[in-house]
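Right, I'll just put the structure down here and ask away after.
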Amino acid sequence: MQSELCLHQIFAQQVELRPDAPAVCDADDELTYRQLDERAARLAAAILRETSGPGARVGLHLRRGNAVVVAILATLKAGCAYVPLDPSYPAERVQYMADDASVELILTDSGSEATAPAARRVLGIGPSSWAAELPRAAEAAVTPQVPAYVIYTSGSSGTPKGVEVSHRNVTALLAACDQLVTVDDSDVWTLFHSYCFDFSVWELWGALAHGGKLVVVSAEAARSPEAMLELLRAERVTVLNQVPSVFRYLSRAGTAPGVQGVPSLRYVIFGGEVVDVDAVREWRQVHGTATEFVNMYGITETTVFSTGRTLLPAEIDVPVGSPAPAGAADPALNIGLPLDGFELAVLTPEGRPVAPGEIGEIHLAGEQLAIGYLDRPKLTAERYPVLALPGRQPRRYYRSGDLAVLRADGALEYAGRADDQVKINGYRIEIGEVESALRGAPGVGDLVVVPATSRVGERMLVAFYTAPDGGLAADGLAERLTSHARAALPAFMVPGRFVNVPSLPLSPSGKTDKRALAEQLR
């Protein structure tokens, strides 16, 4: 992948090579590379008319469909950066992100226009936005160092924070993944994840930068493992990207009696969570061993993926529940080696590189490190320090907050977080942000949130709360608290349970004893 090119320029190369090949489809329409390019060029002209020009930030408030891909390409062709604004998020949160990013224009559609956040200009898009008689935009003169998108992550201060990512960061990702996953123009990919989740960046550009076909998965199919299996078969999908907890349901559906196989599937690429190895084993026992399973570890701030490895047959072609051989890395926790272009360091709290077998915090350096946090220079300097490690030149690193054990072979075993951040369904969530949003609910005395595991093995958040007088809460408070959470937070951040307690236990140091609360759930 050519890092001296911008993403839309790499796409333009594919348009030249295969103009009539299918580029993207949804439930209603299929576009060739030429048609997608023409639509994006005409929408780019409208973006340039409605904004100050290259460098502006454009909010995308769109339902799933081909229009999302058109809008992303159009924004990049105009030399602008896109800001995902999911219509399913609470309106207050969407408005905060639009304001914080200072978007000059919001693109929306007929299904979400009524809930679009306020901005200097809101433009509804549809077939009339790329009609054949409209002018096409000339390619904006921008460099790969400029921002391609700003994506928001959970914030420990109680508000989301925007991560600014450049074209070069993404092309470095593509080049690195080319060394681990072999794909070409014959592949069919799914855009399964919301464009507000950075996994979508890999799905979209993994397909379009290699000349493949991208299938935009409807919200309905994404929620139904059975519908998803049918889509995989009907579209002959070859590359599927999944959060492990979602694949668990797909595996259950795919291994039910009488279910047809998915013979086209070459890769399942995991990200966002610890791999469910047993779900992979069950899949392979029914569907055979033709599909490769790849475990990726990554962070929004380092552009999607940072380490990876292919799960070995010796790990997954064994009975369900089989433990790792003595001395071997746990296949669920082994996140492999750094991708090409990354320099990785595992450091103690004192900043010393760990020895094999020791645990430390993952630090990453390389071209995939994002520009930083939008308009937060102090936070950027804190999380992206310049370190002079023994035997290395001073470099800018990202402090991940993730812990790992360094193995003798250089691979890493994931060992959890060094802070209160957790992962639920692949989303990184700052517990402090959830607590901040919920403590303001009427009738709540105090409240803490702890991560837990449900009875069916799913990770979830549980909120423990007290009443203002220190006694048990009045009837109906749990329901009101749930409603408050749904109005204030995206669905993936809403706790799965709300538990009323007379008081919150304290540890010997005087802090809330979250471990004791978690024990109550067992």
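The values are calculated or read from the model by the stated rules, or taken from the named source; none is laboratory data. Please read all numbers here as calculations on a predicted model, not as lab measurements. In this analysis, Cβ positions are derived from the backbone assuming ideal geometry, glycine residues included, and neighbour counts consider all displayed protein chains.
Quick one: would you say Val83 is touching a Leu at 6+ places or on another chain (Cβ under 8 Å) and not polar (S, T, N, Q)?
Details: touching a Leu at 6+ places or on another chain (Cβ under 8 Å): yes; not polar (S, T, N, Q): yes.
Spelling it out, Val83 is indeed touching a Leu at 6+ places or on another chain (Cβ under 8 Å) and not polar (S, T, N, Q).
Mind telling me which of the residues Val386, Val405, Val434 ends up being among the β-branched types (Val, Ile, Thr) and buried (at least 21 other Cβ atoms within 10 Å of the Cβ)?
Val434
Return yes when Asp375 is in contact (Cβ under 8 Å) with a residue 24 or more places away in the chain and at positive phi and no when it is not.
Judged against the criteria, Asp375 is a match.
While we're here: Mind checking whether some residue in the range 47-55 is touching a Ser or Thr at 6+ places or on another chain (Cβ under 9 Å) and either surrounded by fewer than 22 Cβ atoms within 10 Å (Cβ to Cβ) or aliphatic (A, V, I, L, M) (or both)?
Looking only at the range 47-55, we keep the residues that are touching a Ser or Thr at 6+ places or on another chain (Cβ under 9 Å), and these are 47.
Still in the list and also either surrounded by fewer than 22 Cβ atoms within 10 Å (Cβ to Cβ) or aliphatic (A, V, I, L, M) (or both): 47.
Yes; the residues of the range 47-55 include at least one that is touching a Ser or Thr at 6+ places or on another chain (Cβ under 9 Å) and either surrounded by fewer than 22 Cβ atoms within 10 Å (Cβ to Cβ) or aliphatic (A, V, I, L, M) (or both).
Of the residues that sit in the range 251-271 and are among the aliphatic types (A, V, I, L, M) and over 24 Å from Leu180 (Cα atoms), which one is surrounded by the fewest Cβ atoms within 10 Å (Cβ to Cβ)?
Ala256
Hey, among the residues in the range 92-131 that are closer than 16 Å to Leu48 by Cα and charged (D, E, K, R), which one's modelled with the lowest pLDDT?
My answer is Arg120.
When only residues in the range 183-199 that are surrounded by fewer than 23 Cβ atoms within 10 Å (Cβ to Cβ) and of a type in the set (S, T, N, Q) count, which is nearest to Leu60 (Cα to Cα)?
Per the criteria, the residue is Ser194.
In the range 289-307, what residues are of a type in the set (S, T, N, Q) and farther than 24 Å from Pro160 by Cα? Break it down into steps so the answer makes sense when it comes.
Start the filter on the range 289-307 by keeping residues that are of a type in the set (S, T, N, Q), which leaves 289, 291, 295, 300, 302-303, 306-307.
The answer is Thr289, Thr291, Asn295, Thr307.
Does Arg428 satisfy the condition of being charged (D, E, K, R), crowded, with 17+ Cβ neighbours inside 10 Å and more than 19 Å from the chain's Cα centre (by Cα)? Step through it out loud before you land on a result.
Numbers: charged (D, E, K, R): yes; crowded, with 17+ Cβ neighbours inside 10 Å: yes; more than 19 Å from the chain's Cα centre (by Cα): no.
So Arg428 does not fit the description; no.
Looking at Val444, Val405, which one is in contact (Cβ under 8 Å) with a residue 12 or more places away in the chain, touching a strand residue (DSSP E or B) at 6+ places or on another chain (Cβ under 6 Å) and part of a loop (DSSP other than H, G, I, E, B)? Don't jump to the end; show me each part of the working.
On the way: Val405 fails: part of a loop (DSSP other than H, G, I, E, B).
Step by step, each of Val444, Val405 is checked, and only Val444 is in contact (Cβ under 8 Å) with a residue 12 or more places away in the chain, touching a strand residue (DSSP E or B) at 6+ places or on another chain (Cβ under 6 Å) and part of a loop (DSSP other than H, G, I, E, B).
Which one of Leu43, Leu36 is farther than 15 Å from Val103 by Cβ, touching a Ser or Thr at 6+ places or on another chain (Cβ under 6 Å), part of a helix (DSSP H, G or I) and not hydroxyl-bearing (Ser, Thr, Tyr)? Walk me through how you get there before you give the answer.
Values: Leu36 fails: touching a Ser or Thr at 6+ places or on another chain (Cβ under 6 Å).
None of the others qualify; the one that does is Leu43.
Please work out which one of (1) buried (at least 24 other Cβ atoms within 10 Å of the Cβ); (2) under 21 Å from the mean Cα position of the chain (by Cα) is the condition Val103 fails and give its number.
(2)
Please go through the range 312-342 and give me each residue that is touching a residue at least 60 places away in the same chain (Cβ under 8 Å) and of a type outside the set (A, V, I, L, M), ordered by number.
Asp330, Asn334, Gly336, Asp340, Gly341, Phe342
Could you figure out which of (1) within 26 Å of Met296 (Cα to Cα); (2) not assigned by TED's automatic domain parsing to the domain that holds Pro490 isn't true of Ala388?
With (1) within 26 Å of Met296 (Cα to Cα); (2) not assigned by TED's automatic domain parsing to the domain that holds Pro490 applied to Ala388, the lone miss is (1).
Identify the single condition in (1) over 26 Å from Glu519 (Cβ atoms); (2) part of a loop (DSSP other than H, G, I, E, B) that Arg399 does not satisfy, given that it satisfies every other one.
Unmet condition: (2).
Could you tell me which numbered condition Ala227 fails, if it satisfies all but one of (1) crowded, with 16+ Cβ neighbours inside 10 Å; (2) in contact with a helix residue (DSSP H, G or I) (Cβ under 8 Å, 6 or more places away or on another chain)?
Going through (1) crowded, with 16+ Cβ neighbours inside 10 Å; (2) in contact with a helix residue (DSSP H, G or I) (Cβ under 8 Å, 6 or more places away or on another chain) one by one, Ala227 breaks only (1).
Still on this structure, I have one more. Given the criterion outside any helix (DSSP H, G or I) and touching a residue at least 12 places away in the same chain (Cβ under 8 Å), identify the matching residue among Gln285, Gln260. Talk me through it step by step, then tell me what you get.
Values: Gln285 fails: outside any helix (DSSP H, G or I).
Only one candidate qualifies: Gln260.
Could you go through the range 161-170 and let me know if any residue there is modelled with pLDDT of 95 or more, surrounded by fewer than 20 Cβ atoms within 10 Å (Cβ to Cβ) and not assigned by TED's automatic domain parsing to the domain that holds Tyr398.
no
Just to be sure before I move on: is Pro495 surrounded by 18 or more Cβ atoms within 10 Å (Cβ to Cβ), out of contact with any Leu (no Cβ under 8 Å at 6 or more places or on another chain) and modelled with pLDDT of 85 or more in the structure I sent?
Details: surrounded by 18 or more Cβ atoms within 10 Å (Cβ to Cβ): yes; out of contact with any Leu (no Cβ under 8 Å at 6 or more places or on another chain): no; modelled with pLDDT of 85 or more: yes.
Considered against the rule, which asks whether it is surrounded by 18 or more Cβ atoms within 10 Å (Cβ to Cβ), out of contact with any Leu (no Cβ under 8 Å at 6 or more places or on another chain) and modelled with pLDDT of 85 or more, Pro495 comes out as no.
Let me ask you something else. Consider Ile359 against the criteria (1) without any contact (Cβ under 8 Å) to a residue 12 or more places away in the chain; (2) aliphatic (A, V, I, L, M); (3) more than 23 Å from Glu164 (Cβ to Cβ): it satisfies all of them except one. Which criterion is unmet?
Checking Ile359 against (1) without any contact (Cβ under 8 Å) to a residue 12 or more places away in the chain; (2) aliphatic (A, V, I, L, M); (3) more than 23 Å from Glu164 (Cβ to Cβ), the one that fails is (1).
Among (1) in a loop (DSSP other than H, G, I, E, B); (2) farther than 28 Å from Ala45 by Cα; (3) under 16 Å from the mean Cα position of the chain (by Cα), where does Leu173 come up short?
It is condition (1) that Leu173 fails.
How many of the residues in the range 269-303 are farther than 25 Å from Val188 by Cβ and either in the same structural domain as Tyr398 (by TED's automatic domain parsing) or touching a Cys at 6+ places or on another chain (Cβ under 9 Å) (or both)?
So the count comes out to 0.
Quick check on my filter: what residues within the range 11-42 are in contact (Cβ under 8 Å) with a residue 40 or more places away in the chain and more than 26 Å from the chain's Cα centre (by Cα)?
Once the filter is applied, which keeps residues that are in contact (Cβ under 8 Å) with a residue 40 or more places away in the chain and more than 26 Å from the chain's Cα centre (by Cα), the range 11-42 yields Leu17, Arg18, Ala21, Glu38, Arg39, Ala41, Arg42.
Ok, one more. Can you list the strands (runs of 3 or more DSSP E) found entirely within the range 55-161 that contain at least 3 residues being within 22 Å of Ala437 (Cβ to Cβ)? Outline the logic, then answer.
Details: elements: 57-61, 81-84, 105-108, 122-124, 147-153.
It comes to 147-153.
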